Structures are given as structure tokens and as C-alpha cells.
Amino acid sequence: MEARDFELLIGQNIIDKYHSDVSRESVFEWVGLEWDLLDDVWPPIYSPGGELYADEIPFVEMSSFLEMGCGVGIMSVLAALAGCRTVVGLDINPAAVRNTEMNAERHSVADRVTARESDLYSAIRPGERFDGIYWNPPFLDAPEDVVDSSIWHETMFDPAYSKLRRFLRGALDLLNPGGRVYLWFGEALGNPSLIGDLAEELGLQLRTIKRLELSAVPEALADAFPDHVVNAAEHAQWHLHLLELTPMTRNGAALT
Ligand SMILES: C[S@@+](CC[C@H](N)C(=O)[O-])C[C@H]1O[C@@H](n2cnc3c(N)ncnc32)[C@H](O)[C@@H]1O
């Protein structure tokens with residue numbers, strides 16, 4: 001099976017699970033806190049995300065933080081709770097914007113967290129800059145001709161990683177000096193050198209903060225990637241990782 005067909009199968013499996021999941025609660029517990037979950041917003045409990053390792057991100061050193069594709073807004077709220085004064089959550093899905101606002105209100109940080117509907121950086125205002133920019137992107141590289149603009153395809157798929165490329169390029173113009181990009185990303189069969197190659201092309205120093213092997217994942221992930229899906233491709237080596245990308249100077253030193 002081709003790598004992209006395998007990624008399509010994984011994504012479709014998660015979408016089907018979402019639509020048949022009658023036990024999905026409108027309030028769920030995650031990272032020790034309660035969160036509202038609106039319909040048609042990515043439920044983090046389907047697959048662990050970078051928020052599990054939020055304490056590895058130096059929010060205390062940041063005064064401004066941008067969460068791309070904020071979904072229910074967990075990382076935005078955690079950044080604000082950790083002391084970050086200005087947090088912006090952006091999402092192409094209007095339900096995710098509302099959901100992030102609800103969770104900011106639930107955790108009493110609505111005065112610091114602003115959520116906006118945005119296609120990547122389209123809703124960024126002139127002059128806005130950030131100390132940290134994070135995304136848990138749609139990281140399945142499905143074939144372009146099967147992907148549409150429905151919310152679930154936008155959430156799951158990024159044919160040829162074109163969104164990811166635009167996200168990283170755009171981040172470079174929006175970081176304050178010393179700022180960093182954080183990315184939660186997974187690679188199955190296709191393109192394991194993608195992030196390293198992109199980092200080199202864009203002059204970013206890449207550091208792996210956490211790496212999670214499929215064999216070590218909690219039950220929630222095993223549900224999302226059942227054996228028959230994972231075994232559909234030989235040599236599938238799925239892993240997830242939290243990455244830090246730091247802009248470098250021309251001589252290769254990290255900018256501070
Ligand atoms: C895998 S979900 C992650 C959601 C949330 N950050 C989390 O970790 O739970 C990817 C998110 O990116 C959003 N997204 C996809 N394409 C986007 C785009 N072009 N601009 C902004 N957000 C986008 C989706 O709507 C979705 O909320």
C-alpha cells in the first residue's frame with residue numbers, strides 16, 4: 001500500500017470513529033482539567049497531542065503565544081494559565097473558535113485568550129508578533145484528489161504538506177526575536193525526513209522535545225489506530241513527537 005493511501009485510511013478511520021461515537025461527552029477531562037467539546041471540533045482524547053507535554057514548553061518566558069488550529073483550545077488555555085499574557089488561537093473551523101472561547105471562559109482566562117476564525121494566518125492583525133507559535137496540524141498526507149474542504153478533511157489531511165509549509169514559512173515573519181515554533185507531528189510511512197528537510201530549508205534549528213512510539217501509546221491512540229489499520233501497511237513505524245524549531249542566524253547559531 002502506498003504511504004499516502006495508508007495515511008488516508010488512518011484519517012478516514014478516525015473520521016468514521018467520530019461519526020459513530022455515541023459516547024462522546026460534551027465535557028471531557030484531559031490533562032487534569034475539564035473541557036467543553038462542541039460538535040465537529042477535534043476531540044484531543046482521540047489521539048494524544050502536544051498538550052500532554054505542555055510543561056516542556058517555556059510559557060513562563062513568553063508574553064505572547066499563538067496557537068494555530070486551536071480546536072477546543074487546550075494549549076491556548078494552558079499557555080494563559082502558565083502566565084502568558086496575550087494568547088491568540090486561530091482556526092479555520094468557526095466551531096473551534098467558539099469552543100476555544102468557551103474553554104477560556106471555563107478556566108477564567110478569557111481576558112488573555114482571543115480566538116479568531118482564520119485560514120492559517122489570514123486573521124493576524126498588522127504588527128502582531130509572538131514569542132511562541134504552536135500547531136498540532138492535520139499531518140496526514142492523503143492524495144489530493146480525495147480531499148475536500150469539509151471540516152473533517154481540513155482537520156485530518158494536508159496533501160503534500162502544503163499547509164505545514166505555509167505555516168512554518170509564515171511563522172518566521174511573526175516571531176519576536178528569540179521566539180520559537182512548537183509542532184506536534186506524526187510520521188507514518190511517508191517522508192520521515194520531512195520536518196528535518198523543511199527546518200534546514202527555512203534556517204530553523206530542530207530539537208525533539210518528546211517522542212512517542214506507537215508501541216508506547218495510551219489506549220486512546222490504540223483505539224484510533226487499531227491493528228487492522230496499522231497492519232495494512234508493511235513496516236509502518238508510526239510515532240508522534242513534540243518539536244521545537246528555533247530560527248538561526250546565517251552562521252548557524254540560534255537567534256536569541
Ligand atoms: C489535529 S487538529 C488539532 C486541534 C487542537 N490544536 C488540538 O491539538 O487538540 C488540527 C486543527 O487545525 C485546524 N486547521 C486545519 N487547517 C487549518 C487552516 N488552514 N487554518 C487554521 N486552522 C486549520 C483544524 O480545524 C483543527 O482544529
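Side notes on the structure shown:
- Candidate set: region 156-175, residues that are within 30 Å of Pro126 (Cβ to Cβ), of a type in the set (A, V, I, L, M, F, W, C) and open to solvent by less than 40 Å² (accessible area, probe 1.4 Å); chosen: the one nearest to the ligand (Cβ to nearest atom): Phe167
- Criterion violated by Leu120 - all others in (1) open to solvent by 20 Å² or more (accessible area, probe 1.4 Å); (2) in a loop (DSSP other than H, G, I, E, B); (3) near the ligand (Cβ under 9 Å from one of its atoms) satisfied: (1)
To keep it simple, each residue is scored yes or no on (1) farther than 21 Å from Leu198 by Cα; (2) within 14 Å of the chain's Cα centre (by Cα).
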| residue | (1), (2) |
| --- | --- |
| Leu120 | no, yes |
| Gly132 | no, yes |
| Asn136 | no, yes |
| Pro143 | no, no |
| Ser150 | yes, no |
| Thr155 | yes, yes |
| Tyr161 | no, yes |
| Phe167 | no, yes |
| Gly178 | no, no |
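- Evaluation of His153 against (1) within 16 Å of the ligand (Cβ to nearest atom); (2) modelled with pLDDT of 95 or more; (3) open to solvent by 30 Å² or more (accessible area, probe 1.4 Å); (4) not in a strand (DSSP E or B) (one fails), failing number: (3)
- Identity of the residue in region 129-150, without any contact (Cβ under 8 Å) to a residue 60 or more places away in the chain and surrounded by fewer than 17 Cβ atoms within 10 Å (Cβ to Cβ), that ends up farthest from Gly178 (Cα to Cα): Asp145
- Among the conditions (1) within 8 Å of the ligand (Cβ to nearest atom); (2) not in a strand (DSSP E or B), the only one that Leu90 does not satisfy is (2).
The values are calculated or read from the model by the stated rules, or taken from the named source; none is laboratory data. Please read all numbers here as calculations on a predicted model, not as lab measurements. Every residue, glycine as well, gets a Cβ built from its backbone with ideal geometry; the counts of neighbours run over all protein chains shown. Calculation scope for accessible area: heavy atoms of the full protein, side chains included, ligands and nucleic acids excluded. Shrake-Rupley method; radii C 1.70, N 1.55, O 1.52, S 1.80 Å.
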